[in-house]
Each structure stands twice: as structure tokens, then as C-alpha cells.
Amino acid sequence: MKHTEEQMLAKAKQVLKDIQKTSYREENILGVSFREKDEVARPRGKKINSWTTSLHEPVFDRALFLVISDETGEPLYFQSPHKVSEILKDEKGIYYRKEN
């Protein structure tokens, strides 16, 4: 494990603020958990050490997940019940969802 829970929670908050913009609510974050050699959705079929941030979206009463690489400390993807979106960072350091 290269990162701490506190570091990954701070990273998750930063990423979520960027990608969710006005719908971001810190109180929707349920927590972060470390997963060793987890098979992640992006890159597909890879097993890596990762951190998963769990969120509850009360408007639609659904679970959302943000997955961050433990190796790089950078987000990999955001997962909702209907979609998995890769997360990228622009030249200004702002995170955004990759459009498919």
C-alpha cells in the first residue's frame, strides 16, 4: 500500500468536486477502502492495488464508486449503475470524465 486512507479521501474529494461540479456533496461520501490486486473495470482485466470511494446519491437512491490507483494516486474511473467513465486530467489539473 503506497497511499493512506486520508490521502485517498482527500484525492477523492478533489476529483469528485471537479467531475460532479454543483451536484458535489461531501456528505454523500460513505468512505474509502483499499483493495489489493482488485480486478478493475479500467483498464479492463487488470488486477491492481486500488482505492474505492463509495458514495450514496440520495436523489436517485443509488450507489456510485470512484476508483483510484494505489500505484499512481490518480483516479481511474467513476462508476454508476449504468455507466463506467474514465477520469482524465486537463492541462490545468482539473479532472473530468472521458466522453465515450
| Under the condition of being closer than 18 Å to GLY93 by Cβ, of a type in the set (D, E, K, R) and in contact (Cβ under 8 Å) with a residue 12 or more places away in the chain, which residue from the stretch 3-45 is surrounded by the fewest Cβ atoms within 10 Å (Cβ to Cβ)? | LYS13
| task | Could you pull out the residue among TYR77, TYR96 that is aromatic (Phe, Trp, Tyr) and in contact with a helix residue (DSSP H, G or I) (Cβ under 9 Å, 6 or more places away or on another chain)? | result | TYR96
| query | Within the stretch 44-52, is there a residue that is in contact with a helix residue (DSSP H, G or I) (Cβ under 7 Å, 6 or more places away or on another chain) and among the β-branched types (Val, Ile, Thr)? | reply | no
| said: I'm trying to understand the selection: among the residues of the stretch 69-100, which are of a type in the set (Asp, Glu) and surrounded by 13 or more Cβ atoms within 10 Å (Cβ to Cβ)? | reply: ASP70, GLU74, GLU86
| remark: Flagged in the stretch 53-68 as open to solvent by 10 Å² or more (accessible area, probe 1.4 Å) and within 11 Å of the chain's Cα centre (by Cα), in numbering order, are SER54, PHE65
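The values are calculated or read from the model by the stated rules, or taken from the named source; none is laboratory data. Computed from a predicted model, the values in this text were never measured in an experiment. Using ideal geometry, Cβ is built from the backbone for each residue, glycine included, and neighbour counts are taken over all protein chains shown. Heavy atoms of the whole protein, side chains included, go into the accessibility calculation; ligands, DNA and RNA do not. Shrake-Rupley method; radii C 1.70, N 1.55, O 1.52, S 1.80 Å.
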